[in-house]
1. Summing +1 for each Lys or Arg and -1 for each Asp or Glu, what net charge is found among the other residues whose Cβ lies under 13 Å from the Cβ of K47?
2. Taking the Cα-to-Cβ direction at I112 and at N15 and moving 7 Å from each Cα, how far apart do the two end points lie in nm?
Amino acid sequence: EDHGIVLIRGGSLTNRDAHRIHVFRLREFQFNNGEETLRCRSRAEVKERRIERTRGCHLFASSRSSGGHLRLMVAVNRKLQLFQWKHSAAWASWCPKNDTETVEGFIYQKEITLCESPSLITPLEGPTNTNAGGLICVGYK
């Protein structure tokens with residue numbers, strides 16, 4: 001919520017490789033000027049909001065920003081992709097009208113190849129989390 005974005009994993013029910021992460025602005029899901037229902041989005045609108053590198057994702061996790069940069073970890077088979085939101089939470093709170101980015105707000109950082117497909121990923125935060133990227137806990141079956 002600090003960044004005002006919503007991350008959704010979605011895709012085709014029949015094709016597991018079609019799952020991707022989609023990025024929306026939180027304010028897009030709020031009622032405006034007397035509206036009583038939320039507006040449904042077309043397939044084309046949803047397609048514009050997907051992060052292309054996340055095709056086939058089966059799991060994702062994000063860090064708690066606590067005033068810093070939001071980090072996103074996406075598992076695609078045996079690979080773990082790391083993304084970072086380009087603005088800090090403080091910047092988003094100071095300039096809410098200027099902060100309109102969705103998909104383009106995430107910067108791809110790196111990809112890590114794992115020994116098998118993870119069933120759990122969690123960013124570790126606190127004193128262990130440094131500017132160099134922090135630690136990630138990965139669980140397997």
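1. Counting the neighbours of K47, the net charge comes to +3.
2. Here the modelled spin labels are 3.0 nm apart.
Rule-based calculations on the coordinates, nothing more; no lab input. Only a predicted model underlies this, so the values are computations on that prediction, with no experimental measurement involved. Note that each Cβ is placed from the backbone with ideal geometry, even for glycine, and that neighbours are counted across all protein chains shown.
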